[in-house]
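Throughout, read-outs are computed from the coordinates displayed, never taken from laboratory work. Only a predicted model underlies this, so the values are computations on that prediction, with no experimental measurement involved. Note that we place each Cβ from the backbone using ideal geometry, even for glycine, and neighbour counts take in every protein chain shown.
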Amino acid sequence: MDFLENIKQIDFWNNSAYDYLVAIFVFVGLLMLLKIFQVIILARLQKLALITKTDLDDMLIEVFKKIKPPFYFFIALYFSIKVLDVPDLLYKALLVLFLIAIVFEVVRAIERILDFVIRKYLEKNKEEGEDLQHSESMIGLLKLIIRMVLWVVGFLMILSNLGINVTSLMAGLGVGGIAIALALQNVLGDLFSAFSIYLDKPFKAGDFIVIGNDMGVVQKIGIKTTRITTLQGEQLIVSNQELTKSRIQNFQRMDKRRVVMQIGVTYETDHKKLRAIPDYIKEIIGGTEKANLDRCHFADYGDFSINFEIVFFVDSADYNVYMDTRQKINYALFEKFAKEKIDFAYPTQTIYTKK
């Protein structure tokens, strides 16, 4: 006790020797506690995490394990200095270092969590057969934007904690941002449209789509434009903003194609054969691979023909398969009608003259 009373009497830079001992004890004690947490406690938690089904806990433990030693040093130094009476300049300098260390590690931790979420999302897309090249490019851009936002927010937090009024700075950034947005509104519009296409997924690379009067296969979805190879073979480049404003038909998402077909026979056809036509059509379509008859009806009396309406489905989205199936049915109908002596109608006009 006499020793403690004696060192309390020793004064150095507005602090007693006792205060310095307390500060050293706080500094060393915090360093040891943080090191124990990082080396021992995290190691045991990691062993427990290995036996769980989810890998979210593994990722969180990895985030804590990757915290750099300077972060622990600045935490211990900051709290040890708080028990001392130090000059304002030195205290503010240590406060800046402390805030920088915290912001740096927090931003890095958020980035690691973001990387984990993105990796899981890419793995899911790979299983579903998505275009990984497009996904990686879009996610890379998204990560860059998020990182920039995080560092700007971190920088503003540091200035705010130092007592600097950041309101005017934020107002200036807002005015500057509006000016930049107005200058780059077309580019930014295409960029946000690219994100909209990526997140909503109205189509993907390899899909056959129709946009207005244009149609073709999507080759690449870029940040500003989407490239489409048309049926004629040329490359059509469309801005993403135009795509999101257009009505798009995506034929790749079709499970089957519906076909409505009309045939006409002559009025001279025998009524028994006329009644047999639906059965002939049912037999032909039922025997054609990938074709399923929905209905066949005597629809109406035309100007020069008796009309039948046929509705059937082709169990394929592929256009070539669809056309091949229609061709088989048309050949079979022609052969059947020729065999049964049923004549297809064509535009005719009969003139009766009166003597």
By the Cα gyration tensor axes a ≥ b ≥ c (a/c under 1.5 gives rounded; else a/b larger than b/c gives prolate, otherwise oblate), the shape of the range 197-355 is prolate
What does the charge dipole of the range 194-252 about its Cα centre add up to, to the nearest 20 debye, if the Cβ of each Lys and Arg holds +1 and the Cβ of each Asp and Glu holds -1? 160 debye
Between beta-carbons, use under 14 Å as the cut-off and find the net charge around residue 348, counting Lys and Arg +1, Asp and Glu -1. -3
Formal net charge of residues neighbouring residue 76 (Cβ-Cβ distance under 12 Å; K, R +1; D, E -1): +2
Give the lysines whose C-alpha is closer than 19 Å to that of residue 339, dropping any in the same chain fewer than 8 places away, or say none. 272, 273, 282, 328
With a sphere of radius 14 Å drawn around the Cβ of residue 304, what net charge do the other residues whose Cβ falls strictly inside it have (Lys, Arg +1; Asp, Glu -1)? -4
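Among the listed pairs 224/245; 201/224; 68/143; 220/290, which are separated by more than 20 Å between their Cα atoms?
Over 20 Å apart, Cα to Cα: 68/143; 220/290.
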